[in-house]
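Comments concern the structure below.
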Amino acid sequence: MKVGFIGLGNMGVGMAANLLKAGHEVTVYNRTASKADPLVKQGAHLASRVADSCFGDVVMTMLSDDQALESVVFGDSGAGSKEDAGILGSLGKGAIHVSLSTISVALSKKLTAAHAERGQRYVSAPVFGRPEAAAAAKLIVIACGADDAVATCMPLFDAMGQKTFRFGTNPADANLVKISGNFLISCVIESLAEAMALIGKAGLDQHQYLDFLTSTLFAAPIYKTYGAIIVDKKFEPAGFAAPLGFKDNRLALAAGQDLQVPLPIASLVYNRFLTLLANGGENLDWSAISRLAAKDAGEGR
């Protein structure tokens, strides 16, 4: 399949590489073009602008936030010019835009309508997994969109992930599932941090405690992954940067407001991220909010 891939950050580069390994013809675009060099060596074509990645069957985007995605879809000039018309102005009729990003429900609805107006198809397929999972093709994909469009994209999802879950034909529903999932992960990080602070202040071995947790009632991968990061304090390099965690909790609160669903724990975690960022934590992994629980417990005094 001819695929365009836009966004070669920590996640995107591994995902695009797995598409190449699966035999797809991949054209990659990134604003910092040098990030595409390893993929070009593996056989990818390099696009010099967004439009040049939109001539295939599918174009996939893996971008950091709503603003970045809107810029790429609608073009830097809004409606788009011939020089840089964005995805919307460049993608052929019947072709598919797959957004892999964690974006707002509102933007997903906007993209669904905009692509439909152009005779294009839109699938929302955000993913769960850190960069190491992206590189190993072990992501979990949440796919929502028209049945025929999702079916067309399944070979691509299979190349990037271990399993794809369907939640119906409304693309925005995939984003709500993703936002709620990231909210839950941030709650795990916060609760683990508080438990570790309690254990640590009592003088107990946190590594031993983590082994106990993850070999009994809390054997889920999320506890193993983030428990180890928290205990070892390995917040750099960031697999998922703190500003992205802050953004995702903001999206959860916005979704709750729209649906009139109170999310009191999300408000607490939101302020944890805000505190971390206010104290220079922009380049740390989002699990670095755990430092705040340790600090509150008097660690280091």
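The values are calculated or read from the model by the stated rules, or taken from the named source; none is laboratory data. Note that this is a predicted model, so its numbers are computed, not measured. Neighbour counts run over all protein chains shown; Cβ positions are idealised from the backbone, glycine included.
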| request: Looking only at region 184-206, count how many residues are surrounded by fewer than 22 Cβ atoms within 10 Å (Cβ to Cβ) and either touching a residue at least 60 places away in the same chain (Cβ under 8 Å) or in contact with a strand residue (DSSP E or B) (Cβ under 7 Å, 6 or more places away or on another chain) (or both). | output: 6
| query | Quick check, is Ala125 out of contact with any Pro (no Cβ under 8 Å at 6 or more places or on another chain), closer than 24 Å to Ser290 by Cβ and touching a residue at least 12 places away in the same chain (Cβ under 8 Å)? | reply | no
| Identity of the residue in region 103-161, touching a helix residue (DSSP H, G or I) at 6+ places or on another chain (Cβ under 6 Å) and of a type in the set (S, T, N, Q), that ends up farthest from Ile222 (Cα to Cα) | Thr112
| request: All but one of (1) among the charged types (D, E, K, R); (2) in the same structural domain as Ile103 (by TED's automatic domain parsing); (3) surrounded by 14 or more Cβ atoms within 10 Å (Cβ to Cβ) hold for Lys163, so report the exception by its number. | output: (3)
| request: Please state which one of Val28, Val73 is touching a residue at least 24 places away in the same chain (Cβ under 8 Å), outside the structural domain of Leu251 (by TED's automatic domain parsing) and part of a strand (DSSP E or B). | output: Val28
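Residue by residue, here is whether (1) closer than 17 Å to Ala149 by Cβ; (2) surrounded by fewer than 23 Cβ atoms within 10 Å (Cβ to Cβ); (3) out of contact with any Asp or Glu (no Cβ under 8 Å at 6 or more places or on another chain); (4) of a type in the set (S, T, N, Q) holds:
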{"site": "His45", "(1), (2), (3), (4)": "no, yes, no, no"}
{"site": "Arg49", "(1), (2), (3), (4)": "no, yes, no, no"}
{"site": "Met60", "(1), (2), (3), (4)": "yes, no, yes, no"}
{"site": "Leu69", "(1), (2), (3), (4)": "no, no, yes, no"}
{"site": "Lys109", "(1), (2), (3), (4)": "yes, yes, yes, no"}
| note | Counting only helices (runs of 4 or more DSSP H) wholly inside region 167-263, the ones holding at least 1 residues that are closer than 23 Å to Asn10 by Cα and not β-branched (Val, Ile, Thr) are 171-201, 221-232, 242-259
| remark: When every residue in region 130-147 that is of a type outside the set (A, V, I, L, M, F, W, C) and in contact with a strand residue (DSSP E or B) (Cβ under 8 Å, 6 or more places away or on another chain) is compared, the one surrounded by the most Cβ atoms within 10 Å (Cβ to Cβ) is Gly145
| field | Residue among Ala238, Ala266, Ala220, Ala255 that alone is under 19 Å from Glu132 (Cβ atoms), crowded, with 18+ Cβ neighbours inside 10 Å and not assigned by TED's automatic domain parsing to the domain that holds Arg130 | value | Ala238
| Within the bounds of region 37-50, is there any residue that is closer than 15 Å to Val98 by Cα and either out of contact with any Pro (no Cβ under 9 Å at 6 or more places or on another chain) or modelled with pLDDT under 95 (or both)? | yes
| message | Among the listed residues Val141, Val98, identify the single one that is under 27 Å from Ala238 (Cβ atoms), in contact with a Cys (Cβ under 8 Å, 6 or more places away or on another chain), outside the structural domain of Gly245 (by TED's automatic domain parsing) and not in a helix (DSSP H, G or I). | response | Val98
